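The values are calculated or read from the model by the stated rules, or taken from the named source; none is laboratory data. Just so we're clear, the structure is a prediction, and the values are computed from it rather than from any experiment. Neighbour counts are summed over all protein chains in view; Cβ atoms, including those assigned to glycine, are modelled from backbone coordinates with ideal geometry. In case anyone asks, the SASA skips ligands and DNA or RNA and just uses the protein heavy atoms, side chains included. Shrake-Rupley method; radii C 1.70, N 1.55, O 1.52, S 1.80 Å.
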Amino acid sequence: MPIAEPEIVRRMESRQPSAYVLASLRGFGQVDLQAGLLTGVAILLALWVSGWQNGLFATLGTLLATATAYALAVDRSGIALGLQGYAGCLTGIALVSSLGNHLATYVLTVVGAIMCTLLMAALGTFLTPYGLTPLTAPFCLVSGVMVVGAPSFERVWHGAPASVASTTTGDTAMSWSALWHAFFNNVSQVFLIDSWYVGLIMLVGLALAGLRVVLYAAAGSVIGIVAAWLLGAPTALIANGIYGYNAVLVAIAIGAVFMANTVWTGVYALFGAAASTGLTASLTSFFKPFGGHTFTWPFILTTWALMAAVPLLPRLRRSG
């Protein structure tokens, strides 16, 4: 017997608290474009293992962005998949990493999470006609604006350590230690974290999402390392994951999420991973003069370009 619409609404509302928690947990996995609950839990665990500040601000950002989406009556199916929480997660981590653990950082995380939800809707309006999604652009825009503007405000800016990307140069010879650290750090740096064991936990979480996902993540990490080394990037930056994290995201997005599972897709995904590595250096140089941050812009721009080209490339086809 069909359930009357008011009854459906009542049942949905009765499950609201648990639905909110589950959607938020999936939001952590959606940073890596994965909606699996176990993947989200594994990544949340990894974030707390990396340090309580990362865990706290990631959790705060995700919860606030998801709650904002509920409050504004955003499509419930998208919320349930965690699509409204991941930008808030990254914004929380970016703010505490750049500004430190201060009262102003909590306030900015609240504002930033709300803005991420609004920008997710705005970018969705612009991009949907072209078959594209916002990806992590809301996070990059919100965090980028806040971090660049922070030094102008005494109650916000408390000084911050220079990023490794702006201070490290030198040796380009690769050691075994640098190589395996880079492989795992490429995964953790997606969340702005330099820690091989955090990357390992996250890679396990991606394995829980499926073999295809973890294989493309691993392949993207390897391609990022190789491309950066062939271009002559400093070993320290490669080992810290600075050059490879965008390659990991591109490989997952193209190879395991948006495109059909074919040989051509594999080649396309790995090409995109290599291209994003070169773009990482270019955008870092572009942002450096005014104190901006590269964040995941190389992943976003590379993925948008590759996906926009698909309709005119008969050898390639989207998934579904």
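Checking the conditions here, which among T109, T91, T117 is within 19 Å of I193 (Cα to Cα), at pLDDT 95 or above, in contact with a Pro (Cβ under 9 Å, 6 or more places away or on another chain) and open to solvent by less than 60 Å² (accessible area, probe 1.4 Å)?
On the way: T109 fails: in contact with a Pro (Cβ under 9 Å, 6 or more places away or on another chain); T117 fails: within 19 Å of I193 (Cα to Cα).
Exactly one residue qualifies, and that residue is T91.
Looking at A274 and the list (1) open to solvent by less than 30 Å² (accessible area, probe 1.4 Å); (2) within 21 Å of F183 (Cβ to Cβ); (3) in contact (Cβ under 8 Å) with a residue 24 or more places away in the chain; (4) of a type in the set (A, V, I, L, M, F, W, C), which single condition is not satisfied?
Every condition holds for A274 apart from (1).
Taking only pairs six or more apart or across chains, which ones have beta-carbon atoms under 7 Å, a first residue in region 225-243 that is in contact (Cβ under 8 Å) with a residue 60 or more places away in the chain and more than 19 Å from L283 (Cβ to Cβ), and a second residue that is assigned to a helix (DSSP H, G or I) and open to solvent by 20 Å² or more (accessible area, probe 1.4 Å)?
Between residues of region 225-243 that are in contact (Cβ under 8 Å) with a residue 60 or more places away in the chain and more than 19 Å from L283 (Cβ to Cβ) and residues that are assigned to a helix (DSSP H, G or I) and open to solvent by 20 Å² or more (accessible area, probe 1.4 Å), the close pairs are A239/H181.
Going by the structure shown, is A269 open to solvent by less than 10 Å² (accessible area, probe 1.4 Å), within 18 Å of Y216 (Cα to Cα) and in contact with a helix residue (DSSP H, G or I) (Cβ under 6 Å, 6 or more places away or on another chain)?
Values: open to solvent by less than 10 Å² (accessible area, probe 1.4 Å): yes; within 18 Å of Y216 (Cα to Cα): yes; in contact with a helix residue (DSSP H, G or I) (Cβ under 6 Å, 6 or more places away or on another chain): yes.
So A269 passes the test.
Scanning region 183-233 for residues that are buried (at least 19 other Cβ atoms within 10 Å of the Cβ) and outside any helix (DSSP H, G or I), which turns out modelled with the lowest pLDDT?
By that ranking, first place goes to A233.
Of these, S143, S166, S177, which one is of a type outside the set (A, V, I, L, M, F, W, C), open to solvent by less than 60 Å² (accessible area, probe 1.4 Å), modelled with pLDDT of 95 or more and farther than 21 Å from A46 by Cα?
S143
If I ask for residues that are free of Cβ contacts under 8 Å to residues at least 12 places away in the same chain, over 19 Å from G82 (Cβ atoms) and among the small types (G, A, S), which ones from region 94-143 would you list?
Matches in region 94-143: A122 only.
Among the residues that make up region 35-53, is at least one of them more than 19 Å from P138 (Cβ to Cβ) and not in a helix (DSSP H, G or I)?
Yes, because at least one residue in region 35-53 is more than 19 Å from P138 (Cβ to Cβ) and not in a helix (DSSP H, G or I).
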